[in-house]
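For reference, the structure discussed in these notes is given below.
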């Protein structure tokens, strides 16, 4: 028992193993990560951002349809700008949301590391 890894493995309890297993299930599936994110403190903001993403996507699809059926140059330019802006906003929303999911995953891993450290310190004091 010379390495820290062996001490950590020895310190792990059954409850901790359950927490690790649940965390592995969450990290393995992006849809589960999203579900956990919706239940967090920022869940209301995630739902709002998803709704705005859906709205901008719908605007973009409608603008593409209108662009396809338009015949005047002035209207084509307007619909084209609408397509570009709504596509840009949709991508910004996606990038922000996925970076938030990554941040949440890092926070979960840090909490698990803190739990591991607490178990090791608790078992060393015995």
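If a residue must be assigned to a helix (DSSP H, G or I) and over 31 Å from the mean Cα position of the chain (by Cα), how many such residues does the stretch 81-126 contain?
So the answer is 4.
Among the residues of the stretch 53-74, the ones that are surrounded by fewer than 13 Cβ atoms within 10 Å (Cβ to Cβ) and assigned to a helix (DSSP H, G or I) come to 8 in all. Please tell me if residue 106 is at pLDDT below 90, touching a helix residue (DSSP H, G or I) at 6+ places or on another chain (Cβ under 6 Å) and within 30 Å of residue 121 (Cα to Cα). Against the criterion (at pLDDT below 90, touching a helix residue (DSSP H, G or I) at 6+ places or on another chain (Cβ under 6 Å) and within 30 Å of residue 121 (Cα to Cα)), residue 106 does not qualify.
The values are calculated or read from the model by the stated rules, or taken from the named source; none is laboratory data. This structure is a prediction, so every number in the text was calculated from the model and none was measured. As a convention, Cβ positions derive from the backbone with ideal geometry for all residues, glycine included, and neighbour counts pool all protein chains shown.
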